[in-house]
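*Asks:* First, the structure itself, so that you have it in front of you.
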Ligand SMILES: *Cc1c(COP(=O)(O)O)cnc(C)c1O
């Protein structure tokens with residue numbers, strides 16, 4: 001029954017609260033949702049990695065706006081039947097497409113707890129902000145940044161890279177440019193990255209108003225690392241004709257093959273040239289958690305800023321990107337804005353300046369920090385680092401299997417956790433594209449594809465902590481089988497695994 005409230009003038013106002021009318025029924029259903037979600041993670045291997053969405057299901061999501069209320073149980077049934085089975089599949093150990101994290105059950109419950117608090121992390125003085133500050137401090141320590149460094153959780157590395165471009169832009173032009181626009185000086189700014197860098201760097205230049213032409217894409221060597229001599233030469237040419245080089249973006253883990261630029265050489269060059277040195281460490285930066293892999297990142301501690309994703313190798317559920325900036329004051333000067341309704345006080349809820357909204361474009365922000373904090377605390381950096389190192393060991397195992405199969409060809413060196421290879425055939429590009437789609441539709445595994453030196457490659461990025469040697473074997477068998485079918489090679493003998501994964 002709805003509660004009826006009478007006010008002084010005797011008009012009736014029905015309660016508009018959206019809380020459950022029957023808390024015990026809600027509780028029972030909510031517990032069932034939690035149990036079923038846990039079951040779906042625990043038993044993920046029983047399902048296909050991915051399956052195509054049936055037309056019937058897609059059509060259900062072309063309905064009109066729901067004006068009337070519905071039973072929560074009915075809405076949940078729709079979720080169970082029509083949404084959950086047709087998700088991306090990155091929770092599954094057979095998912096190796098793109099660079100997707102697997103998430104954890106711990107992260108899932110933390111997300112639920114965060115939703116219960118419904119905290120707004122734009123600002124004000126409350127403990128959730130301290131949780132985020134704790135993450136910033138942990139990252140500062142892990143990456144060897146000085147006191148006074150700042151950081152902020154964001155959607156993902158695309159956003160973190162964009163914000164780094166904006167901080168570097170304000171740093172180069174001075175904060176008055178935030179008022180007057182980038183002007184003539186801004187039109188002369190040039191940035192540098194490698195040809196293997198992620199596409200979001202170029203988008204960041206576009207969105208920052210500097211234009212994609214102002215991004216110089218420098219050649220890479222055979223290992224996909226930026227050619228530092230070519231970079232140096234390009235900077236000199238640009239200076240000579242009057243441009244103002246202001247930013248170098250290094251890759252710590254290229255999206256194609258996981259290559260890590262020579263960060264020490266780039267740091268030295270940037271210091272010499274007085275250029276902002278940003279590292280796109282979307283997935284690779286968290287290799288810092290593994291003692292075995294951390295040396296690959298030597299020089300990252302010299303960066304002016306680092307972008308990374310907790311939702312990839314960090315296994316935090318989506319989304320959880322992060323930006324770390326060496327000079328917190330410069331970071332703040334790129335975004336902070338006075339506003340009367342955001343007045344800071346010495347005490348009360350409006351205390352505790354600076355606030356996260358001073359360090360990025362968002363005012364209202366969710367509690368991404370909680371699932372990140374739970375993940376880091378519960379597993380500790382050692383276990384997370386071990387899970388990361390293991391994905392690299394599995395990539396080495398896949399590399400060995402590819403090299404041992406006469407029908408397979410390795411297309412790039414295996415640096416970290418990404419293996420690019422293909423089935424040998426006459427129309428190799430066409431056939432390998434079909435093989436990738438065949439395997440995805442089979443539900444056995446989900447690799448993706450990329451193009452390397454004009455060749456279409458099957459790309460297996462092993463990011464998920466659940467992935468095992470048996471999943472690698474299943475992928476190899478599937479490539480051989482679909483490859484044989486597609487190219488009419490007939491029955492193919494599948495070689496036994498040459499070595500066991502660590
Ligand atoms: C994934 C990735 C990005 C983009 O990160 P999002 O979190 O998807 O926005 C940028 N750079 C590299 C190297 C990546 O792997």
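The values are calculated or read from the model by the stated rules, or taken from the named source; none is laboratory data. Values in this document were obtained by computation on a predicted structure and should not be read as measured data. Positions of Cβ are generated from backbone atoms using ideal geometry, with glycine treated the same way; all protein chains shown enter the neighbour counts.
*Asks:* Kindly indicate whether any position in region 170-187 is over 18 Å from the mean Cα position of the chain (by Cα) and within 25 Å of residue 310 (Cβ to Cβ).
*Replies:* Within region 170-187, none of the residues are over 18 Å from the mean Cα position of the chain (by Cα) and within 25 Å of residue 310 (Cβ to Cβ).
*Asks:* Shifting gears a bit: Residues of region 241-258 being in contact (Cβ under 8 Å) with a residue 24 or more places away in the chain and either over 23 Å from residue 170 (Cβ atoms) or within 16 Å of the ligand (Cβ to nearest atom) (or both), which ones?
*Replies:* 247, 248, 249, 250, 251, 252, 253, 254, 255, 256, 257, 258
*Asks:* Being assigned to a helix (DSSP H, G or I), away from the ligand (no atom under 14 Å from the Cβ) and within 21 Å of residue 391 (Cβ to Cβ) is the filter here, so list the residues in region 264-305 that pass it.
*Replies:* Within region 264-305, 288, 289, 294, 295, 296 meet the criteria.
*Asks:* Then there's this: Determine whether residue 221 is more than 13 Å from the ligand (Cβ to nearest atom) and closer than 20 Å to residue 413 by Cα.
*Replies:* Here the answer is yes, as residue 221 does meet what is asked.
*Asks:* Within region 163-184, track down each residue that is within 16 Å of the ligand (Cβ to nearest atom) and surrounded by fewer than 23 Cβ atoms within 10 Å (Cβ to Cβ).
*Replies:* Matches in region 163-184: 166 only.
*Asks:* With the requirement that a residue be farther than 19 Å from residue 123 by Cβ, within 16 Å of the ligand (Cβ to nearest atom) and surrounded by fewer than 21 Cβ atoms within 10 Å (Cβ to Cβ), what does region 140-157 give you?
*Replies:* 156
*Asks:* Which residue out of 206, 238, 227, 261 is within 30 Å of residue 448 (Cβ to Cβ), away from the ligand (no atom under 16 Å from the Cβ), modelled with pLDDT of 95 or more and assigned by TED's automatic domain parsing to the domain that holds residue 296?
*Replies:* Of 206, 238, 227, 261, the one residue that is within 30 Å of residue 448 (Cβ to Cβ), away from the ligand (no atom under 16 Å from the Cβ), modelled with pLDDT of 95 or more and assigned by TED's automatic domain parsing to the domain that holds residue 296 is 227.
*Asks:* Looking at region 185-192, can you tell me whether even one residue there is within 26 Å of residue 335 (Cβ to Cβ), more than 16 Å from the ligand (Cβ to nearest atom) and surrounded by fewer than 17 Cβ atoms within 10 Å (Cβ to Cβ)?
*Replies:* Among the residues of region 185-192, at least one is within 26 Å of residue 335 (Cβ to Cβ), more than 16 Å from the ligand (Cβ to nearest atom) and surrounded by fewer than 17 Cβ atoms within 10 Å (Cβ to Cβ), which makes the answer yes.
*Asks:* Then there is this: Of the conditions (1) more than 23 Å from the chain's Cα centre (by Cα); (2) within 21 Å of residue 175 (Cα to Cα), residue 335 satisfies every one except a single condition; which number is it?
*Replies:* (1)
*Asks:* Can you confirm whether residue 328 is under 26 Å from residue 114 (Cβ atoms), surrounded by 22 or more Cβ atoms within 10 Å (Cβ to Cβ) and in contact (Cβ under 8 Å) with a residue 24 or more places away in the chain?
*Replies:* no
*Asks:* Return yes or no: is residue 115 modelled with pLDDT of 95 or more, assigned to a helix (DSSP H, G or I) and more than 24 Å from residue 459 (Cα to Cα)?
*Replies:* Against the criterion (modelled with pLDDT of 95 or more, assigned to a helix (DSSP H, G or I) and more than 24 Å from residue 459 (Cα to Cα)), residue 115 qualifies.
*Asks:* Could you check residue 195 against (1) over 13 Å from residue 369 (Cα atoms); (2) within 16 Å of the ligand (Cβ to nearest atom); (3) surrounded by 22 or more Cβ atoms within 10 Å (Cβ to Cβ) and say which number it fails?
*Replies:* Of the numbered conditions (1) over 13 Å from residue 369 (Cα atoms); (2) within 16 Å of the ligand (Cβ to nearest atom); (3) surrounded by 22 or more Cβ atoms within 10 Å (Cβ to Cβ), the odd one out for residue 195 is (3).
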